[in-house]
Amino acid sequence: METIDGESFGEKYDLFVCLQCGKCTGSCPLSMRSQLSPRKHVREALLFDNEVVLDKEFLWDCTTCATCRLRCPRDLQPVEVIIGMRSILIEEAKVPATVQEALESTFKNGNPWGRAPSKRDEWAAELSLKSASEGAEYLYYVGCTPAYDPRVQNVAKSLVRVFKAAGVDFAILGNEEKCCGNEIRRMGEVGLFEMLMEDNVEIFENYGVERIVTSSPHCYNVFKNEYEGLKAEVFHYTQLLCEKLDNGLLKLTKELKKKVIYQDPCFLGKQNKIFEEPRKLISSIPGVELLEYDREKERSVCCEGGGGRMWAEATATGERTAETRVKEAVALGAEIIAVACPFCMLTFEDAVKMTGYEGKIEVKDISELLVEAIE
Amino acid sequence: MKIVVCVKHVPDTAEADVVITPDKKGIKKEGLAFGINEWDEYAVEEAILMKEKYGGEVVAITIGGKESEDTLRRCLAKGADRAIRIEDPALEGSDAYALAKVLCAVIKGMEYDIIFTGAQAGDDGFGQVGQTLAELLGIPHAALVTKVEPQDGKAKVHRELEGGLEEVLEIQLPAVLAVQTGINEPRYVSIMGIRKAKKKELKVLSLSDIGLSPDEVGEKGSLLTLEELYIPPVEKMAEILTGAPDETATKLAGILDERGLIPK
């Protein structure tokens, strides 16, 4: 198989050293419910021509949680092989309609949600926030989903309140902000990703941005690990707020007598090893009892919101992982599932409704819990 | 089969707030996202599907500034063979008739079997360019086309009528077919595909290149003059529901129920 750049998959992803041990497929949260099988796809990439992938609609099932990468004894990246296969599908125009819409909107509007770029800052209309042109210590990169989604807008609003309470000097890009491209790259649209990266690096440079803080682990991941030429330091908000907590600048005073369980976002935990900061923030709220899933931290289970899955109807059947996680949380006696990622927020909100636990358990972003503890 | 497809680069105003310029003749373009006119996207796809099935050539044509090359490049990436853009300062203020004259001047010397246009444009919504162009070229036309089956110098064409009715016509080729949305599923074209298509020919022509004088286009050459654009006043009957999505949905359901619009 050849990548869209004409390299062989074997060489590009170093697949010759694969043992075919199958740990990747064994650890894949989708392989039990879909034809997705990282081990098999690695083998296919070595043995067959590109035509083999053309009818594999299930390649869009992968959430790019990267557990396969984490578990591989040969340090291979089966997830990247799947992304490479998606790139072939993209170039061959074998794209599910919903993915196509998201990609076309990102090209045209700068966001995958089909929303007007001039409405991006509407969530902040009454907050009188500094704009990037005024300069600030941090650029708060809001992200597409917190900017547009009515539920997740509350995360952006909560973060603003907490940042202000902790004395963080920050500005936003407003309508100039555009998609970070983390999901776009994972949907296999390499050209569009590069375009977004170049545009964003230029915007950050123009405003002399030195520090970026993101709402989403997905934006954090791509800025931190995949952007070429980005000079700014990148933080997920849980890191920044944990530092403010340690310095005594973020004071959590109000009691919240709740049992809270934390869902590690894959792009924060597994992929960037940020496990402690979110937990410290939650457990520092007076009255909160922090519970843990049996499968937590590196063993945590993906919510199925990543890798473009917000825009792809999966072929996978059976119970969604977020529903399994909600049931586990209820069984453990949790009253709140705390998340730190816009996609986890949306998949879990759906899962609470689907499992019929509405009213019994709530989904809240850590920023929303912090607001309750400071006001 | 020789195919011409006429496309337009238009602003997306579905959600964005539209602001009228002080001269009341246009809208402010800053902050608006531009792209290929929705109907034209289907017209281009239909043109390329025809070429893929019967062989031949697809030429994409637009009238507009440099920025409208984005739309032409998309057409080239999707499979059009070459593109033509007509730009001239004298075109400002042209109505559908004047634009059809321009397209006619470009197309009349070309070989063609089918000219596809979108049934209308998302910005001015005239829906007249296709028919006027056919009239000027002296060839038949069909509008709101939902299916095309070429056969021996003719084509069987389905048209969408009101009330879910469909009309089937036999039309002599060459003809102008103004395409309705939904006729096909426009394909995705990647950024890499657009970059690769940069090698394809994109010719830029002025009015003199196509043999038209400035008086034949613009306001002088038009049958219609735009007097004023305005945003319709909000009627008193309109009720805007506010609140969280679940609150507004509950209110809306209540109103529908009250008026007997929910079947029991």
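Any read-out appearing in this document is the output of simple, stated calculations on the displayed coordinates, not a laboratory observation. Source: prediction; values computed, not measured. Here the Cβ positions follow ideal geometry from the backbone for every residue, glycine too, while neighbour counts run over all protein chains shown.
Within segment A:9-91, the proportion of C-alpha pairs whose separation exceeds 18 Å stands at 32%. So what is the relative contact order of segment A:30-120, in percent, for Cα pairs below 8 Å that sit 6 or more residues apart? The value is 22 percent.
Listed by chain and number, the aspartates and glutamates whose C-alpha is less than 14 Å from the C-alpha of B:LYS66, apart from same-chain residues fewer than 8 away, are B:GLU87, B:ASP88. Relative contact order, whole percent, for segment A:251-374 stands at 35, derived from Cα pairs under 8 Å and 6 or more residues apart.
Here's the picture: a label point sits 7 Å out from the Cα of A:LYS259 along the beta-carbon direction, and within segment A:346-370 the residues with their amide nitrogen under 15 Å of it are A:360-362.
The angle between the Cα long axis of helix A:153-165 and the longest principal axis of the Cα atoms of chain A comes to about 50 degrees, rounded to the nearest 10.
A simple spin-label model places pseudo-atoms 7 Å from Cα toward Cβ; at A:SER131 and A:ASN247 they are separated by 2.8 nm. Projecting label points 7 angstrom from Cα along Cα→Cβ for A:ARG151 and A:THR98 puts them 1.4 nm apart.
With Rh defined as the Kirkwood radius, the inverse of the mean 1/r over Cα pairs, the Rg/Rh of the protein assembly as shown is 1.01. Helical runs assigned H by DSSP (4 residues or longer) give the protein assembly as shown a calculated mean residue ellipticity at 222 nm of -10000 deg cm²/dmol, each run adding -39500 (n - 2.57) before division by the residue total.
Between B:VAL204 and A:GLN35, the modelled labels are 4.8 nm apart [label points 7 Å from Cα along Cα→Cβ]. Based only on the alpha carbon positions, what is the Kirkwood hydrodynamic radius of segment A:249-375, in angstrom? Mean inverse Cα-Cα distance, inverted, gives 14.8 Å.
The DSSP beta bridges internal to chain A are antiparallel in roughly 5% of cases.
Within chain B, antiparallel bridges make up roughly 40 percent of the DSSP beta bridges whose residues both belong there.
On the principal axes of its alpha-carbon atoms, segment A:100-243 has extents of 41, 31, 26 Å, going from largest to smallest. Computed from the C-beta positions of A:THR317 and A:PHE48, the FRET efficiency with R₀ = 22 Å rounds to 0.25. Remark: relative contact order (chain A) = 17 percent; criterion is Cα-Cα distance under 8 angstrom and separation of 6 or more residues. Against chain A, whose longest principal axis comes from its Cα atoms, helix A:342-355 is set at around 90 degrees. The GluC sites (Glu not before Pro) of segment B:201-244 that meet both conditions, a loop assignment by DSSP and at most 16 other Cβ atoms within 10 Å of the site Cβ, are B:GLU201, B:GLU219, B:GLU227, B:GLU228, B:GLU235, B:GLU239. Per the Debye formula on identical point scatterers at the alpha carbon atoms of chain B, with no solvent, log10 I(q)/I(0) at q = 0.13 Å⁻¹ is -0.90. Scalar couplings 3J(HN,Hα) for segment A:270-280, obtained by applying the Karplus form with A = 6.51, B = -1.76, C = 1.60 to θ = phi - 60°, are 3, 8, 10, 6, 9, 10, 7, 4, x, 5, 5 Hz; x denotes Gly and Pro. Where does helix B:69-78 land angle-wise versus the long Cα axis of chain B, in degrees 0 to 90, nearest 10? Result, in degrees: 80.
Hey, quick one: spin label on B:LYS66, modelled 7 Å out along Cα-Cβ, who in segment B:203-225 has an amide N within reach, i.e. under 14 Å? In segment B:203-225, the label zone of B:LYS66 (backbone N under 14 Å from the point 7 Å along Cα→Cβ) covers B:204. The calculated FRET efficiency for the pair A:GLU228 and B:ILE262, based on their C-beta separation and a Förster distance of 60 Å, comes to about 0.60. For the peptides A:121-127, A:38-44, A:9-15, the ranking by packing is A:38-44, A:9-15, A:121-127, with the highest mean count of neighbouring Cβ atoms within 10 Å listed first. Among the trypsin sites (Lys or Arg not before Pro) within segment A:286-346, those in coil by DSSP and having at most 15 neighbouring Cβ atoms inside 10 Å are A:ARG295.
Principal axis extents of the C-alpha atoms in segment A:275-341 (largest first, rounded to whole Å): 43, 24, 18. When the C-alpha to C-alpha distance is required to be over 24 Å, the pairs from A:LYS259/A:LYS280; B:LYS51/B:LYS108; B:LYS24/B:LYS220; A:LYS94/B:LYS203; A:LYS164/A:LYS259; B:LYS2/B:LYS200 that qualify are A:LYS94/B:LYS203; A:LYS164/A:LYS259. Computed about its Cα centre, the charge dipole of segment A:9-91 is approximately 480 debye, with only Lys, Arg, Asp and Glu carrying charge at their Cβ. Note on the protein assembly as shown: antiparallel DSSP beta bridges, both residues inside, total approximately 25 percent of the bridges counted.
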